Structures are given as C-alpha cells and as structure tokens.
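The values are calculated or read from the model by the stated rules, or taken from the named source; none is laboratory data. All values reported here derive from a predicted model rather than from experimental measurement. Cβ placement follows ideal geometry from the backbone for every residue including glycine, while neighbour counts extend to all protein chains displayed. Please note that ligands, DNA and RNA were not included when accessible areas were found on the heavy atoms of the full protein model with its side chains. Shrake-Rupley method; radii C 1.70, N 1.55, O 1.52, S 1.80 Å.
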Amino acid sequence: MARSASAMRGQILESALRLFAVHGFRGTSLQDIASDAGCSKASLLYHFAGKEKILTELLTPARDALATLLDRVAGLDGGRLVEEAVVGYVDLTLRFRREIRLLFEDIAEMSCHQDLNVRELADGLLDALAGRSQRAPARVAAWMVLGAVFITSAADDGVAPEEVLRAEMIRSALRTLDHTPS
C-alpha cells in the first residue's frame, strides 16, 4: 500500500534528522535520505526542494519553541526572569536533543541559516539569562550557560536518567548565573 504524502514527508524528515545527526548535514546526500526513507530521490524532491528546505523544516519546531519561550518571559524581570529562562531553555534543549546535535555539528553555518532567524533568538535568550543586565559578569555567565546547556544537551553519554540530568542542568545553570531559586 502506498504511503500518504504526509506519511512520506514525515519519513523523509525522520530519515534526514537521523542521518544528519550521524553524518552531519554536509555528509548526508539527498540520495542517502531518499534511500533511508524508502523512496526515490525524485519523490524526495517532490516533497522538498533540497537539503536546505529539509533542514529548515527540521529546525523550525525548535526555533518556534524558543520564540514561544522568549514571548513567555518577555514581561518578567529580575530573578523570576532568570529562573524561567533557565528552566525553559533546559527543557527546550532536552526536548529537541537530536536537533541540538544537528546544530552542534556545524554551529557557525546553522546559526546563520537565513530562514531560521537563530541569531536574533539566541540574543534574546542571552539577554533573558543575563536578567536583562548589560554588566559584564552577568553577560559572561549568560554566555557560559547558553553554551554549557547546549553542549550538555547535545551529549549522549547516558550519565544520568533524564529527570536527574534536567535537575542538575537547571541547578548548575542557576549557580553559574549566581542565582538562588525562589
């Protein structure tokens, strides 16, 4: 029985995400994705105009989740802002671990991807993590948390169950930001 167009799109995206995570964006060809998805390259190109479009579709849910987080914390300030930004960011990175691994593969190229607006969102997150402070210590700590949470989420070493990992990431991030939870 033939797959529906939406099922085919879903399979192509799942195959692409898995292959990108293993071989990198550049190391994965359209033919690799088509073969893994069980379709022809022509069928893949019917659904997606190319690898860039697949990448955009794969990363859009994570981008949208980050934009939603920033909207949610927009009206907050002080300690509540920092706490909500940390918890939201940790949860987001754990929810999108495979996408984080893909971004981690080539962060410079991925962060400049024009369809995703990643740089502006990252700046907003940095500002929230710093509690909207422009002081150097707060900004440096925010950069450290931004990177450390990202890298920790990209790791797949099975060091701890996810609930323990989440709790420790939040605790460590808040400590780095010199913030005591309320």
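Quick check on the stretch 83-102: of everything there that is touching a residue at least 60 places away in the same chain (Cβ under 8 Å) and over 17 Å from Glu163 (Cα atoms), which residue is surrounded by the fewest Cβ atoms within 10 Å (Cβ to Cβ)? Steps first, answer last, please.
Keep residues of the stretch 83-102 that are touching a residue at least 60 places away in the same chain (Cβ under 8 Å), which gives 83, 86-87, 89-91, 93-94, 98-99, 101-102.
Filter once more, so that each one left must be over 17 Å from Glu163 (Cα atoms): 83, 98-99, 101-102.
Details: Glu83: 21, Arg98: 16, Glu99: 25, Arg101: 18, Leu102: 23.
Step by step, filter the stretch 83-102, then rank; the result is Arg98.
For Ala65, the criteria (1) touching a residue at least 40 places away in the same chain (Cβ under 8 Å); (2) surrounded by 14 or more Cβ atoms within 10 Å (Cβ to Cβ); (3) under 16 Å from Leu125 (Cβ atoms) hold in every case but one, which is (1).
Quick one: is Leu44 within 16 Å of Leu103 (Cα to Cα), at pLDDT 95 or above and assigned to a helix (DSSP H, G or I)?
Values: within 16 Å of Leu103 (Cα to Cα): no; at pLDDT 95 or above: yes; assigned to a helix (DSSP H, G or I): yes.
Taking the combined requirement at face value, the residue does not satisfy it.
Picking from residues in the stretch 38-50 that are surrounded by 18 or more Cβ atoms within 10 Å (Cβ to Cβ) and not aliphatic (A, V, I, L, M), the one that is farthest from the chain's Cα centre (by Cα) is Cys39.
Residue count for the stretch 115-133 satisfying the condition of being at pLDDT 95 or above and outside any helix (DSSP H, G or I): 4. I'd like the residue in the stretch 77-93 that is at pLDDT below 95 and either in contact with a His (Cβ under 8 Å, 6 or more places away or on another chain) or part of a helix (DSSP H, G or I) (or both) and, out of all such residues, is farthest from Arg175 (Cα to Cα). For the stretch 77-93, the residue satisfying everything is Gly78. Annotation for the stretch 19-30: at least one member residue is more than 29 Å from Glu162 (Cα to Cα), at pLDDT 95 or above, open to solvent by 30 Å² or more (accessible area, probe 1.4 Å) and not β-branched (Val, Ile, Thr).
Kindly evaluate Leu129 against the criterion of being in contact with a His (Cβ under 8 Å, 6 or more places away or on another chain), among the aliphatic types (A, V, I, L, M) and open to solvent by less than 30 Å² (accessible area, probe 1.4 Å).
Details: in contact with a His (Cβ under 8 Å, 6 or more places away or on another chain): no; among the aliphatic types (A, V, I, L, M): yes; open to solvent by less than 30 Å² (accessible area, probe 1.4 Å): yes.
When the stated conditions are applied, Leu129 does not pass them.
Select from the stretch 1-18 the residues that are part of a helix (DSSP H, G or I) and modelled with pLDDT under 90 and write down the one among them that is least open to solvent (accessible area, probe 1.4 Å). First the steps, then the outcome.
Within the stretch 1-18, the first condition is being part of a helix (DSSP H, G or I), and the residues that meet it are 5-18.
From the residues that got through so far, the ones that are modelled with pLDDT under 90 too are 5-6.
Numbers: Ala5: 62, Ser6: 88 Å².
Among residues in the stretch 1-18 that are part of a helix (DSSP H, G or I) and modelled with pLDDT under 90, the one least open to solvent (accessible area, probe 1.4 Å) is Ala5.
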